Amino acid sequence: MKVDANNFVSVAQIAVNDPDLQEAVSLGTYNGYSKRLVAMFSNGHEHGEAMRQQAAAMRRRAIQKLPDLLELAEKNMTANGIKVLWAETAEDVRNMVLDIAKKRNAKLVAKSKSMISEEVALNHAFEENGIEVVETDLGEYIIQLNKETPSHIVMPVMHRTKREIRDLFMRELNMPFTDDAAEMTAFIRKHLRQVFVNADIGISGGNFIIAESGSLCLVTNEGNGRMVTAMPKVHIGIVGIEKVIETIEDYATLTQILPRSATGQQMTVYMQMINGPRREDEPDGPDEVYVILVDNGRSKVYATKYAEALTCIRCGACLNACPVYQVTGGHAYGWVYSGPIGAVITPALTGLENATPLPQASSLCGKCKQVCPVDIDIPRMLLDLRHELVEKGMTDKIFDVGLKAWSIGNRSPKLFIMGGAVARFGTRFLPNRLPGPLGGWTKYRDFPQFAPKPFRELWKERKKGKPS
Amino acid sequence: MTSARDRILGKLRAAQKPFDELPPAPPKRYMSRPEDLSAEGLRARFVQEVKKLSCIPIEHADAESAIEYILGVIGEDSSVITWDFEQIPLTGLETALNDRGIQRGQPRDDKVRVGITGAVAAFASTGSLMMTSGAGKPRIASLLPPVHIAVIHGNQILPDFDTWIEQKRAEGIGSFNRPANNFLITGSSRTSDIAMESVLGVHGPGEVHVVILV
């Protein structure tokens, strides 16, 4: 997927002025945020915090040992009968998947939800090669039908109201009119049924890979994840190299904290531990299972101070909690991963020059760290990114001029007094706005009036005993 | 020429470790261990959790009444998808279905309405069913038909998923990854992708009955 994060401000402005989007995103983020609170702390606050720390330690140990665990995972997956492939770039992933599809003479591919497949623009590659690919997660199906991109890691179509989705189904699929989400869902269920039965290949992402057992783990709710890994003859799992964890005990904790943080469920409806192709005595399941381990910039991030972001388990809690995301929605962030974690991952993976506004798209309130199930210090990394912006000269030049002037003025009492007097006098003639390049600051707020007398003078008068 | 694999691993190995010092692993805590670990306590909690998930738990003291209940769910249908009967802990089910002329349908037949399975374990704290793929146990029986009936014995109910993992650890990792697929079912297929409204029965079964033999 093309990175388009440098237009954050203009896309966010459109979002802020879109009443449908505002209705949908505030409903979605509120829902996610409040359900998470109940589920995470159902056994008390102390217990919930202890679980977060336990999960954080597990993910950190895994990332610390990443190369060793990847080798172990490869060895054990291979022993389980899984074909393991390594992809350095998005293009590698597309070529590998297309190769398998061509070898199998595939006409129809069924996909369950996978953010990394968005990252590597997989659907486009299929379409270019005349292979039909169908998203089977309801939200992703809506996204595909409407030719847009997901706006949330967990709830891909959070930015659309029920009315908009209804109108889309009526327009594209001749669905009869209804206002009932259950009827709309039943309509799509019927529509997608034959896709599962007829698909030649099923594609999934992966939430975790357990190194010691060689298992690819998936959490889903709708059942499409089980369908695409059970019905077609071939299953391909596309997984970022950072998703590996060490033990089955780690899995037990992480797979339970993920749904609590994401959707407020104790467990998702279906949690799979996939150990390979159908065994000889088993009645169903795929004959071939591939796992493509994807780098696509992750090994580069591993060597930076943003490596902590690789511990993310993609629950979306920081998106729901973020006051910026709550009003902009996800598309403004310009790539696959949005919200606070996206504001770190996008510049880290694709280059800071492609995402200069993202580190600023935060009030640094710290809520993202507070809700993170693995306690990622997102505010720290946003500050590091801002620092890098300054060091690399990627900030607005007016900042440098302003800060220099401020620095000089503040080192000399005389200059400070003079500057104050000039500003007090000069701003009287401003119509509540700052001129020229400073205008951005006063576009949505009035420029405050200067106090008629500075504190310095008030202090002097007070000492002399005059009433102020 | 080096491979993509070697280049990726090489870059990771060349990098400085991401964390200066790792905190020692905190003592293992359980996500949701029930307070009452007696057999009755676990069963009561399991039933309570299954209800919360909008599924239907039914406790039966004898096989006949359990079979009667299952036949009631099947109603007038002429076929069902089932596991092999020796995998379902309910003697007499096969005979009862035969007597009614109910056939075993093809697993991939998406016209069949009811699927009948057992489970390898159940978890009280979350109302989950633990399944593993294996001989005579088509995965699709709990997935493709819109109605799923799972039959378990009360003594299969464990406190939580962590307990099952502890059992696998004790038995050896081979007992965990021998089946092609281990999976947990917690509730019925659901979505809230359309305006956060919870809808059951998206692609998997929207109606789940858990028959518990006590």
- Task: Within region A:214-222, identify whether any single residue is open to solvent by 40 Å² or more (accessible area, probe 1.4 Å), of a type in the set (S, T, N, Q) and not in a strand (DSSP E or B), and answer yes or no.
- Result: no
- Message: Please go through (1) surrounded by 24 or more Cβ atoms within 10 Å (Cβ to Cβ); (2) at the interface with another protein chain (Cβ under 10 Å from one of its Cβ atoms); (3) more than 28 Å from the chain's Cα centre (by Cα) for A:A199 and return the number of the only condition it doesn't satisfy.
- Response: (2)
- Task: Could you tell me which numbered condition B:K52 fails, if it satisfies all but one of (1) of a type outside the set (G, A, S); (2) modelled with pLDDT of 95 or more; (3) open to solvent by less than 30 Å² (accessible area, probe 1.4 Å)?
- Result: (3)
- Message: I'm told B:A150 meets every condition in (1) facing another protein chain (nearest Cβ under 7 Å); (2) assigned to a strand (DSSP E or B) except one. Can you identify the failing condition by its number?
- Response: (1)
- Item | Leading residue by the ranking (farthest from B:H60 (Cα to Cα)) among those in region B:14-50 that are at the interface with chain A (Cβ under 9 Å from one of its Cβ atoms) and of a type in the set (S, T, N, Q) | B:Q16
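Counting only residues that are more than 23 Å from the chain's Cα centre (by Cα) and either more than 28 Å from A:K300 (Cα to Cα) or open to solvent by less than 10 Å² (accessible area, probe 1.4 Å) (or both), how many does region A:224-247 have? Spell out how you get there, then give the answer.
Within region A:224-247, the first condition is being more than 23 Å from the chain's Cα centre (by Cα), and the residues that meet it are A:226-235, A:246-247.
Among the residues that remain, those that are also either more than 28 Å from A:K300 (Cα to Cα) or open to solvent by less than 10 Å² (accessible area, probe 1.4 Å) (or both) are: A:226-235.
Total satisfying the criteria: 10.
Can you find even one residue in region A:33-41 that is within 9 Å of chain B (Cβ to nearest Cβ), crowded, with 18+ Cβ neighbours inside 10 Å and either within 23 Å of the chain's Cα centre (by Cα) or aliphatic (A, V, I, L, M) (or both)?
So in region A:33-41, the residues within 9 Å of chain B (Cβ to nearest Cβ) come out as none.
So far as region A:33-41 goes, no, none of its residues is within 9 Å of chain B (Cβ to nearest Cβ), crowded, with 18+ Cβ neighbours inside 10 Å and either within 23 Å of the chain's Cα centre (by Cα) or aliphatic (A, V, I, L, M) (or both).
So, in region B:153-163, how many residues would count as being within 10 Å of chain A (Cβ to nearest Cβ) and assigned to a helix (DSSP H, G or I)? Step through it out loud before you land on a result.
Taking region B:153-163 as the starting set, the residues that turn out to be within 10 Å of chain A (Cβ to nearest Cβ) are B:160-163.
This time we only want the ones that are assigned to a helix (DSSP H, G or I), so: B:161-163.
Of the residues in that region, 3 qualify.
Going residue by residue through region B:169-190, is there one that turns out to be facing chain A (nearest Cβ under 8 Å), buried (at least 20 other Cβ atoms within 10 Å of the Cβ) and on the phi > 0 side of the Ramachandran plot?
In the first step, residues of region B:169-190 are kept if they are facing chain A (nearest Cβ under 8 Å); the result is B:169, B:173, B:176-190.
Still in the list and also buried (at least 20 other Cβ atoms within 10 Å of the Cβ): B:176-177, B:179-190.
When the remaining residues are screened for being on the phi > 0 side of the Ramachandran plot, the result is B:187.
Looking for residues that are facing chain A (nearest Cβ under 8 Å), buried (at least 20 other Cβ atoms within 10 Å of the Cβ) and on the phi > 0 side of the Ramachandran plot, one finds at least one in region B:169-190, hence yes.
Which helices (runs of 4 or more DSSP H) sit wholly inside region A:290-396 and have at least 1 residues that are farther than 30 Å from A:Q265 by Cα, open to solvent by 40 Å² or more (accessible area, probe 1.4 Å) and not aromatic (F, W, Y)?
Working: elements: A:298-302, A:317-321, A:325-328, A:339-350, A:367-371, A:378-391.
Helices (runs of 4 or more DSSP H) meeting the threshold: A:298-302, A:378-391.
If you go through region B:196-214, how many residues are open to solvent by 20 Å² or more (accessible area, probe 1.4 Å) and assigned to a loop (DSSP other than H, G, I, E, B)?
At the first step, the residues of region B:196-214 found to be open to solvent by 20 Å² or more (accessible area, probe 1.4 Å) are B:196-198, B:200, B:206-207, B:214.
Of the ones still in play, those that are also assigned to a loop (DSSP other than H, G, I, E, B) are B:196-198, B:206, B:214.
Selection size over region B:196-214: 5.
Go over the candidates B:L93, B:L71, B:L143 one by one and state the one that is within 14 Å of another protein chain (Cβ to nearest Cβ) and either at pLDDT 95 or above or buried (at least 23 other Cβ atoms within 10 Å of the Cβ) (or both). It would help to see each step written out before you state the result.
On the way: B:L93 fails: within 14 Å of another protein chain (Cβ to nearest Cβ); B:L71 fails: within 14 Å of another protein chain (Cβ to nearest Cβ).
Being within 14 Å of another protein chain (Cβ to nearest Cβ) and either at pLDDT 95 or above or buried (at least 23 other Cβ atoms within 10 Å of the Cβ) (or both) holds for just one of B:L93, B:L71, B:L143, which is B:L143.
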- Item | helices (runs of 4 or more DSSP H) wholly inside region A:56-162 containing at least 1 residues that are surrounded by fewer than 22 Cβ atoms within 10 Å (Cβ to Cβ) and among the hydroxyl-bearing types (S, T, Y) | A:66-79
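The values are calculated or read from the model by the stated rules, or taken from the named source; none is laboratory data. Predicted model only: the values in this text are computed from it and were never measured. Methodologically, a virtual Cβ is constructed for each residue, glycine included, from the backbone with ideal geometry; neighbour enumeration extends over all protein chains shown. Areas reflect the complete protein model, heavy atoms only, side chains present, ligands, DNA and RNA absent. Shrake-Rupley method; radii C 1.70, N 1.55, O 1.52, S 1.80 Å.
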